[in-house]
Amino acid sequence: MTQTVRLTTAQALVRWMLAQRSELLDGTEVPLFPGVFAIFGHGNVLGLGTALYDVRDELPTWRAQNEQGMALAAVAYARAVDRRQVMVATTSVGPGALNMVTAAGLAHANRLPVLLLPGDTFTSRAPDPVLQQVEHFGDPTISVNDAFRPVARYFDRITRPEQLISTLPQVARVLTDPADCGPAVLALPQDVQAEEFDFPAAMFKTTLHRVPRTRPDTVDLDRAAQVLQAAERPLLVLGGGVRYSGAAAEALALAEAHRVPIVETVAGRTLVPHDHPLFGGALGIIGSTSANTLAAQADVIVAVGTRLQDFTTSSWTGFHEAVQIVTINAARFDAVKHGALAVVGDARATLTELDSALNAWTSPTAWADLVPDLKGSWDDHVDALRAGDGQPESLLTYAQVTGVVNDVSTPDDYVLTASGGMPGELHGGWRTGEVKHGLGATSGATMDLEYGFSCMGYEVVAPWGAAMARERTHPEGLVTSIFGDGSYLMLNSEIYSAAFAGHPYVAVLCDNGGFAVIHRLQTNQGADGFNNLLADSRGPGADGSVHVDFAAHAASLGAHVEDVRDSSDVAALRAAYVRAREAARSQRRPAVVVCNVQQSSWTEAGAWWETGTPKSLSGRTTLDEAKTRQLRWLS
């Protein structure tokens, strides 16, 4: 006879979460769900809230201020541990639930796991319409939580307790499978949360989730090897899938054995030391001229673990017209894009087998020998920008801010950003030093550059989640986030949450007077500046009379603050950043460095990005020309 245990739906869900374990790259076992972010309301405080309270010492619950902010922090946690652990975020029904939809979109776009548990309306409908319920006039089964469906990799509404028995294995699959990884959403009607059921005791036994390492099809692998062996100018492109697979060492081994230059995508950054002789730099629109030159000349590209997003492909104008692309990806959906030669499999396993299949083949010496000179020229360009050559001395530049953080950071540290001009500085200008694997043998990646969804505000709240994660894997390191005033004003409340919870990190807030990078896009295409810079916006405050005191505001949220707004001296910024690092560690709270920066100081990589430009603007001429070079299907 099946042994059962009587629990509420909420209790069963929480007990199941406690039983799930995950295996890190070195075989270390850790909880799959290390914690919960929660903002309680009537839709979750009694059912799920009570269940979480009962296990508060085993499964910590962290109080947040904003639902979107805490869910984004949860996603950042997952990235910081290379998708090996998954944070949970729960809200009440209605506005709290809808506030997490943006975070679900970000997780979906970036292939990152997060478990979202929004409360939902009563399945009985007895008290309808309840507080915060949106009534659909034609379908009473719909609630606001259905808005999660387009941005969830798995969605279910639990209308009976026993439905957990069949749905929870699917939740675990989505959160841990490299091919399907993304946000899972379980909508929990508040009456069902409190309903009891006799659950099978076996569903609460400890379960270890190992990341599957799918081997490639041998025929596909042989075809890929043949294409590569015929190449004169091969290029290896490393994406986020290399990071999550822990395959950086295998990628480097293949490149070194066969003399293949390497470049990195946004999601694959910091896997290869900057000074490696085969490393060509960061690829794409916000990357480097060195990597983009290699990509434009390559006749065969092996793209590993990448979605080939427009910022990687320069809107598909960054490659030679006759290029052959071999994709290695755990997800067939990504592998088959644009008619590439698809090899479906785990990055580490596939690179190892491809290395063997290539035998003693190496690419022509002259091709690999191009890399140091190309990268050296780019490094000289970045050095000049960091030195402020040709720039007004009245304000710091983004390149100088990045240079300070880069120079002070150690191999244990972690840097992140998401929107505006700073992604270009970190992607194109950051120089990775020693790649140091943390406890549990993490990938060694030291950057979270969220440019899949490019969500403003992510970089303000993400360091909270990343700091929580890295505190275990890299206890000697520190997380630093760099962002602009626009992102700060969008989503700053979790600075208080991190201060309250005692999680230290450093944030560098660069005030450039508005949404300056979009202003640059606007004016570079021939449009007038409008509604982006504060000075170009409607209202009496456009004259500069209404301005936020960011230093005072950050301090009011509980952060230690270093204010260097009155200085354009790089040495003063460096000293302030060093003090901020020391304060964050010693005081166990966020430290914010506030500085003023130029509005037009971004590093250019000489690549093109397709945007919807009308014929009335001067930028349309460039668009029309570039469209003639755009690859639509690979031969």
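The values are calculated or read from the model by the stated rules, or taken from the named source; none is laboratory data. Note that the coordinates shown come from a computational prediction; the quantities given were computed from them, not determined experimentally. For neighbour counting, all protein chains shown are included, and Cβ atoms are generated from backbone atoms with ideal geometry for every residue, glycine included. All accessible areas refer to the heavy atoms of the entire protein, side chains included, with ligands and DNA or RNA removed. Shrake-Rupley method; radii C 1.70, N 1.55, O 1.52, S 1.80 Å.
Just a few scattered comments:
- Residue that is farthest from residue 259 (Cα to Cα) [pool: residues in region 389-410 that are in a loop (DSSP other than H, G, I, E, B) and in contact with a strand residue (DSSP E or B) (Cβ under 8 Å, 6 or more places away or on another chain)]: 395
- Selection from region 525-541 of residues that are surrounded by 14 or more Cβ atoms within 10 Å (Cβ to Cβ) and part of a helix (DSSP H, G or I): 534, 535, 536
- Taking the conditions (1) open to solvent by 20 Å² or more (accessible area, probe 1.4 Å); (2) in contact with a helix residue (DSSP H, G or I) (Cβ under 7 Å, 6 or more places away or on another chain) in turn, residue 522 satisfies each one other than (2).
- Cβ-Cβ under 8 Å pairs, at least 6 apart or on other chains, region 117-142 side at positive phi, far side of a type in the set (Ser, Thr, Tyr) and assigned to a loop (DSSP other than H, G, I, E, B): 132/92
- Of all residues in region 468-491 being within 13 Å of residue 584 (Cβ to Cβ) and more than 18 Å from the chain's Cα centre (by Cα), the one that is surrounded by the fewest Cβ atoms within 10 Å (Cβ to Cβ): 471
- In region 364-383, the residues that are more than 15 Å from residue 292 (Cα to Cα) form Cβ pairs under 7 Å with partners that are part of a helix (DSSP H, G or I), at six or more places apart or across chains, as follows: 382/399; 382/429.
- Residue 280 small (Gly, Ala, Ser), modelled with pLDDT of 95 or more and either open to solvent by 10 Å² or more (accessible area, probe 1.4 Å) or under 22 Å from residue 414 (Cβ atoms) (or both): no
- Scanning region 316-330 for residues that are in a loop (DSSP other than H, G, I, E, B) and open to solvent by less than 10 Å² (accessible area, probe 1.4 Å) yields a total of 1.
- For residue 303: the one exception among (1) closer than 15 Å to residue 451 by Cβ; (2) surrounded by 21 or more Cβ atoms within 10 Å (Cβ to Cβ): (1)
- Residue 68 part of a helix (DSSP H, G or I) and out of contact with any Lys or Arg (no Cβ under 6 Å at 6 or more places or on another chain): yes
- All conditions but one from (1) crowded, with 18+ Cβ neighbours inside 10 Å; (2) touching a helix residue (DSSP H, G or I) at 6+ places or on another chain (Cβ under 7 Å) apply to residue 215; the one that does not is (1).
- Flag if residue 390 is within 30 Å of residue 596 (Cα to Cα) and surrounded by 20 or more Cβ atoms within 10 Å (Cβ to Cβ): no
- For the residues 618, 537, 586, the requirement of being farther than 30 Å from residue 339 by Cβ and free of Cβ contacts under 8 Å to residues at least 12 places away in the same chain singles out 586.
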